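S.K.: Mind looking over this structure? Questions follow.
The values are calculated or read from the model by the stated rules, or taken from the named source; none is laboratory data. For clarity, every value in this text was computed on a predicted model and none was experimentally measured. As a convention, Cβ positions derive from the backbone with ideal geometry for all residues, glycine included, and neighbour counts pool all protein chains shown.
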Amino acid sequence: MNQWSIQRKRIILAIVVFTLIILIGVPGFFIFYRAPTCNDLKQNGDETGIDCGGSCQLLCTAQSLPLIQTGDPRVLDLGQGIYEIVAIIENSNVTAEILHARYTMKLFEESSSVPIRIIESETFVPNSGTFVVLEGPIDMRERRPVRATLEWHPDSLVWQKNTQVIKEVVARNVLLTKEDTQPRISAMLVNDSLNPVSNIELTVLVSGEDGNLIAASKTFVEKLDGGGSSPITFNWSEPLKVKEDICGYPVDVALVIDRSGSMTFLGANPPQPLTDVKSAARYFTDQLEGNTLYSLVSFANEATKPIDATLDAGLETIKRAVNNISIVTTSLQNTNLGAGILAAREELNSVRHRQKADKAIVLLTDGVPNLPIKSGVVTYPETYAIDSAELARKDGISIYTIGLGKDVNRNLLRMLATTTAETYFAPSTEELDSIYDQIAIKICRKNPAVIDIYMRILPNKSFLK
């Protein structure tokens, strides 16, 4: 067989084989070939792990940062055997979230390593930021948990990508009121973006100046339109349990005492109720221990000039000055509330005031102001007192008012005080010690100092707990 014949047969065979590959191989490839996917239990395509990483929705565990817990979970005693457990968690993964992160929470009594309650639950972990895990209310009956732990179930920490970070929704004008009765925090939730945001869960934590957690609460906003706002509130039925610390930080106090002629209406020798008032004032100076300075202003037609005792006088001098308050008998002694307030304001704004100290006026009167007089203006004594108090409040001075007896102008004293909660009424001098106790606690206790509102944008309402 010549060389040309052999070569021709080879060409024909190659054509046949190529044709068979085209006719059988290509259809077979499309029949049996499976493109790499993110759920084929194989590491293929651009994946960096089995069905994770690359263009897959799931993030490989090796690529994720661990959840960070801020201290141990806090145990809040709500009273009557009811508790809440609060854990603050940080997710440092900017573009990854967990839909159903399971955890075990254990509650322990003091000096015990055996849990008295085990809670199994799950939560949504949002991408990027800090969120709160809040369990409760929990009825523990006679048991008294004092500490708690939280452990994540590693197999449930399935990270998936979410690159959407919502920063335009913020809480503004946060205000705490009625912390001594039925506490309420109000705020305005504002969406500064143009897009609506739905399923907003908000958790508020209230801490004292010492950093200890006092209270927690949650609320939910179903939808907030772009550019819109919505009022939000958090409520508690019991007063916040604030640790009292008398006096843990500096306070400059001005005692302002009425020495008008009416302070002898119960007797002239000794003058009553003035004698009992002075005794109660001395008692008050003993309640404010610690870093507290006092001054003393007494008033009738005018405030004393110079005042009875300045801030640098010292406690014993203040007490002697209180003892020395007397009623002038050579002329009619009226009531000039405004003069007493202005003299106290001047002393609290003087060089003797400590720069980092709070300022407070504690004013006691048994009558209705009738000085100073302005021609044609019958209510000028009241207006003068109100204006004087307003000047003091603008200087950051808290004002507490005490009305002694039945002849005081209750509405006026409420207007002079910082708030109506700082106004007290004593039908007789027997109630004064108790009132001064309450004022001492309000002046010097550690009030709630930090209010933090944490926000989660939930995938849908089914994630609410």
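S.K.: Could you check, for region 343-361, whether at least one of its residues is of a type in the set (Val, Ile, Thr), in a helix (DSSP H, G or I) and either surrounded by 14 or more Cβ atoms within 10 Å (Cβ to Cβ) or at pLDDT below 95 (or both)?
M.R.: no
S.K.: Within the bounds of region 203-210, is there any residue that is in contact with a Leu (Cβ under 7 Å, 6 or more places away or on another chain), in contact (Cβ under 8 Å) with a residue 60 or more places away in the chain and not hydroxyl-bearing (Ser, Thr, Tyr)?
M.R.: yes
S.K.: Could you tell me whether region 40-48 includes any residue that is more than 18 Å from residue 145 (Cβ to Cβ), surrounded by fewer than 20 Cβ atoms within 10 Å (Cβ to Cβ) and modelled with pLDDT of 90 or more?
M.R.: Checked against the condition, which is being more than 18 Å from residue 145 (Cβ to Cβ), surrounded by fewer than 20 Cβ atoms within 10 Å (Cβ to Cβ) and modelled with pLDDT of 90 or more, region 40-48 yields no hits at all.
S.K.: Being over 14 Å from residue 58 (Cα atoms) and of a type in the set (Asp, Glu) is the filter here; which residues of region 80-102 pass it?
M.R.: 84, 90
S.K.: May I ask you to list the residues in region 317-342 that are aliphatic (A, V, I, L, M) and either closer than 30 Å to residue 396 by Cβ or surrounded by 19 or more Cβ atoms within 10 Å (Cβ to Cβ) (or both)?
M.R.: Those that are aliphatic (A, V, I, L, M) and either closer than 30 Å to residue 396 by Cβ or surrounded by 19 or more Cβ atoms within 10 Å (Cβ to Cβ) (or both): 318, 321, 322, 325, 337, 339, 341, 342.
S.K.: Would you mention how many residues in region 250-290 are surrounded by fewer than 15 Cβ atoms within 10 Å (Cβ to Cβ), of a type outside the set (A, V, I, L, M) and not in a helix (DSSP H, G or I)?
M.R.: 5
S.K.: Could you check region 398-452 and list, in sequence order, the residues that are among the hydrophobic types (A, V, I, L, M, F, W, C), part of a strand (DSSP E or B) and in contact (Cβ under 8 Å) with a residue 60 or more places away in the chain?
M.R.: 404, 449, 450, 451
S.K.: Restricting to region 171-191, name every residue that is at pLDDT 90 or above and touching an Asp or Glu at 6+ places or on another chain (Cβ under 9 Å).
M.R.: Selection gives 190, 191.
S.K.: Could I ask something else about it? Would you pick out the residues in region 142-157 that are at pLDDT 90 or above and not in a strand (DSSP E or B)?
M.R.: Scanning region 142-157 gives 143, 144, 153, 154, 155, 156, 157.
S.K.: Return the residues of region 61-94 that are among the β-branched types (Val, Ile, Thr) and either surrounded by 15 or more Cβ atoms within 10 Å (Cβ to Cβ) or at positive phi (or both); say none if nothing qualifies.
M.R.: 75, 85, 86, 88, 89
S.K.: With respect to the numbered conditions (1) under 35 Å from the mean Cα position of the chain (by Cα); (2) closer than 27 Å to residue 409 by Cα, which one is the sole condition not fulfilled by residue 333?
M.R.: All conditions pass for residue 333, except number (1).
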